[in-house]
Amino acid sequence: MLEKRRVAVFGAGYIGLVTGACFASLGHDVVVRDIQRERIDILQNGGVPIHEDGLAELIAENADRLTFTLDAEEAVRESDVVYVCVDTPPTPSGDADLSRIWQVIGTLREARHLAAVVVKSTVPVGTGARVRAAMDRGGLQHVGYASNPEFTAEGHAVHDFMHPDRVVIGADDPETAKLVAQLHEGVDGPVVTMDVASAEMVKLAANALLATKISFANEIATICEATGADVEHVVHAVGLDHRLGPHYMKPGVGWGGSCFPKDSRALRAMASNSGYSFQMLSSVIEVNDLQPRRAVQRLKDELDGVLADRTIALLGIAFKPGTDDVREAPSTILASRLLAEGAAVRCWDPLAPPLETAPWSVATRYATPLEAMTGADAVIIVTEWPELREVAWEKAAAAMARPLIFDGRNLLDAQQMGSLGFTYMSVGRRTVRGTA
């Protein structure tokens, strides 16, 4: 039988809100605390400040077990467990910025009633030991500490939380590990327990390996372009090998978001700080950084070596479909490079929020893909939004100044686009020139 707990979640972002809502759905009382007044105001008024499939419904269904506050003391006062879900952005050196972690720990000095403090934020290996030492110095020796890294993917994070491949719990005492496992009763997935340092490493290693698979697929795509092979056939056949699998073997204009870029750089920096040069991971990052730049160069070559005074439409701003997250999105590099070359940039995205900083402050945003493409010299598909499969592409070909597409996600059928009159470029496949 579930032992009901009161959980304080620090951080009302993509991880904190999903964590809080899912724990509430499991029967726990949850208070979510954040330092952004606007975000808390939205939540207190029944809204949700981010887009995540199923999250708004889950929060509404469990409103009687969810509260939101700006007050750290209020959040902790009656709680049994504190979950730390704040962001750890990269510093100029590539290391993770742990200042928000330490701010949360600093608020717990008087919280001697707590049973445990659990860090879900992605942190360098060794952070837990430092937090444990700080808690001990602050008189919280009796309060348990655990690492419970998240493995949810934006766009279906609620499902991933409730049906995970594994729940990883790092704790150096069995009672704390048991407590965190009990919090997850009702979650459909195996619980794996280990020491704190290993749990911290699991998160970084998993993201680095996933990023490696994508960058490897992009390297193979580049070779396919040079040899005439079709990368879609290649990765499909490779993925049928049960030792390898098809997941994340998808070429494109690069990965982005809040995890892969930050965590890859953090792991590389952590290795460097230990005196080890993580050359393979450095190559993975380099390949990813080049992908959007290669796309711009290929488009430039197709446009007779000139992008100045051309109009280019970018379809997709968010780093992946199903989310409004634009952090580290390849679209930002694409837009910046196009503008630097003298092109005019148009854009469309169904969920990305209004963006007031460069390069988006210079780009023109449209309500529909067709509007963004009208009069354009070329279009780049940046995000594989399913809506793009439903575009009236025949109308788009007629509306464009030049029917030229660079499909950065290999979303569309090359031969079909050629039959509609498009010059169709993609990643790791031959260019198809229009026949209409």
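The values are calculated or read from the model by the stated rules, or taken from the named source; none is laboratory data. Please read these numbers as outputs of a predicted model, since none were measured by experiment. Glycine gets a Cβ as well: all are built from the backbone with ideal geometry, and neighbour counts include every protein chain shown.
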Residue pairs meeting the criteria (Cβ under 9 Å; at least 6 apart or on separate chains; first in the same structural domain as F23 (by TED's automatic domain parsing) and farther than 21 Å from G27 by Cβ, in segment 60-77; second of a type in the set (F, W, Y) and surrounded by 14 or more Cβ atoms within 10 Å (Cβ to Cβ)) | A72/F10
Going through segment 162-182 in order, the residues found to be closer than 20 Å to V9 by Cβ and touching a strand residue (DSSP E or B) at 6+ places or on another chain (Cβ under 7 Å) are V167, V168, I169, G170, A171, T176, A177, L179, V180, A181
Exactly one of A237, A226, A271, A266 is touching a residue at least 12 places away in the same chain (Cβ under 8 Å) and not in a loop (DSSP other than H, G, I, E, B), and that one is A266
Single residue of segment 195-214 satisfying the filter (surrounded by fewer than 19 Cβ atoms within 10 Å (Cβ to Cβ), of a type outside the set (S, T, N, Q) and more than 18 Å from the chain's Cα centre (by Cα)) that is farthest from S283 (Cα to Cα) | D195
Determine which single condition L338 fails, assuming it passes every other condition in (1) aliphatic (A, V, I, L, M); (2) surrounded by fewer than 23 Cβ atoms within 10 Å (Cβ to Cβ); (3) over 27 Å from A208 (Cα atoms).
-> (2)
Subset of segment 290-333 that is of a type in the set (K, R) and part of a loop (DSSP other than H, G, I, E, B) - its residue that is farthest from the chain's Cα centre (by Cα) | R310
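Based on this model, can you work out whether D87 counts as surrounded by fewer than 20 Cβ atoms within 10 Å (Cβ to Cβ) and without any contact (Cβ under 8 Å) to a residue 12 or more places away in the chain? Show your work before the answer.
Working: surrounded by fewer than 20 Cβ atoms within 10 Å (Cβ to Cβ): yes; without any contact (Cβ under 8 Å) to a residue 12 or more places away in the chain: no.
So D87 fails the test.
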Give the residues of segment 348-363 that are surrounded by 12 or more Cβ atoms within 10 Å (Cβ to Cβ) and either of a type in the set (G, A, S) or not in a loop (DSSP other than H, G, I, E, B) (or both), sorted by residue number.
-> W348, A352, A358, A363
Take segment 22-70 and flag every residue that is surrounded by fewer than 18 Cβ atoms within 10 Å (Cβ to Cβ), of a type outside the set (A, V, I, L, M) and within 21 Å of the chain's Cα centre (by Cα).
-> Q36, P49, D53, G54
Conditions (1) crowded, with 18+ Cβ neighbours inside 10 Å; (2) free of Cβ contacts under 8 Å to residues at least 60 places away in the same chain -> D304 fails only (1)
Could you tell me whether segment 180-188 includes any residue that is within 28 Å of V167 (Cβ to Cβ), outside any helix (DSSP H, G or I), among the small types (G, A, S) and modelled with pLDDT of 95 or more?
-> yes
Could you list, in sequence order, the residues of segment 307-322 that are surrounded by fewer than 23 Cβ atoms within 10 Å (Cβ to Cβ) and at positive phi?
-> D309, G322
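If you check F216, F260, which single one turns out to be in contact with a helix residue (DSSP H, G or I) (Cβ under 9 Å, 6 or more places away or on another chain), at pLDDT 95 or above and among the aromatic types (F, W, Y)? Outline the logic, then answer.
On the way: F260 fails: at pLDDT 95 or above.
Only one candidate passes the filter, namely F216.
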Matching residues in segment 94-104 - criterion: being more than 21 Å from the chain's Cα centre (by Cα) and under 14 Å from R33 (Cβ atoms) = Q103, V104
In the set V231, V253, V238, V284, which member is surrounded by 20 or more Cβ atoms within 10 Å (Cβ to Cβ), among the aliphatic types (A, V, I, L, M) and out of contact with any Gly (no Cβ under 6 Å at 6 or more places or on another chain)?
-> V284
Tell me, yes or no, whether segment 153-163 has at least one residue that is under 24 Å from G128 (Cα atoms), surrounded by 17 or more Cβ atoms within 10 Å (Cβ to Cβ) and not hydrophobic (A, V, I, L, M, F, W, C).
-> no
Working only within segment 199-251, note down all residues that are under 30 Å from V118 (Cα atoms) and in contact with a Lys or Arg (Cβ under 7 Å, 6 or more places away or on another chain).
-> Y248
Within the set of pairs 6 or more residues apart or between chains, which connect a residue that is assigned to a loop (DSSP other than H, G, I, E, B) and surrounded by 16 or more Cβ atoms within 10 Å (Cβ to Cβ) inside segment 391-420 to a residue that is hydrophobic (A, V, I, L, M, F, W, C) and at pLDDT below 95 with Cβ atoms less than 6 Å apart?
-> L420/A436
